[in-house]
Amino acid sequence: MPLVKAGIVVLDCAEPEKLAQFYKELLEGEQTEASANLVEIRGADGARLAFRRDVNATPPSWPRPENSLQVHLDFLVEDLDEAERRVVGLGGRPIETRDAAGPYEERGYADPAGHSFTLRLSPTRAPKQG
């Protein structure tokens, strides 16, 4: 029997209830645990995230170096435009720093507490043509 039962990504933030709600809606999941200082969710795909209260939490400033990237999440999606509308509708914001020259297969965002994450196109499963 394995010693470690599961891995959970934990994000520090000032308001864990609000951040958990953002990700619960984004991932179409459910809240699985809650205490005064921690809220845990499980996404529809089984991904587990937790949000821990830290009143002194400082959002990452990525890509600026003064407060470097602290954590980064990637979410696979089938439609970047639809996923972006959902993120922005839930209170997230785009943080793309590249010049838009051609189609991208991923886009960067910040959640309401400032943590960065990426929406990335799911790899196609169809065989190559030609």
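The figures follow:
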| quantity | calculated |
| --- | --- |
| Extreme residue, farthest from F117 (Cα to Cα), among residues of the stretch 46-88 that are modelled with pLDDT under 85 and touching a helix residue (DSSP H, G or I) at 6+ places or on another chain (Cβ under 7 Å) | T58 |
| Selection count, the stretch 36-45, where residues are assigned to a loop (DSSP other than H, G, I, E, B), open to solvent by 40 Å² or more (accessible area, probe 1.4 Å) and over 11 Å from E17 (Cβ atoms) | 2 |
| Residue satisfying all of: in the stretch 1-30; modelled with pLDDT of 90 or more and among the small types (G, A, S); surrounded by the most Cβ atoms within 10 Å (Cβ to Cβ) among these | A20 |
| Matching residues in the stretch 89-127 - criterion: being over 28 Å from D54 (Cβ atoms), surrounded by 10 or more Cβ atoms within 10 Å (Cβ to Cβ) and either small (G, A, S) or modelled with pLDDT of 90 or more (or both) | S122 |
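The values are calculated or read from the model by the stated rules, or taken from the named source; none is laboratory data. Quick caveat, the model's predicted, so the values are computed rather than measured. Because the Cβ atoms are built from the backbone with ideal geometry, glycine has one as well, and the counts that use them run over all protein chains shown. Each accessible area value is taken on the protein alone, full model and side chains, heavy atoms only, with ligands, DNA and RNA left out. Shrake-Rupley method; radii C 1.70, N 1.55, O 1.52, S 1.80 Å.
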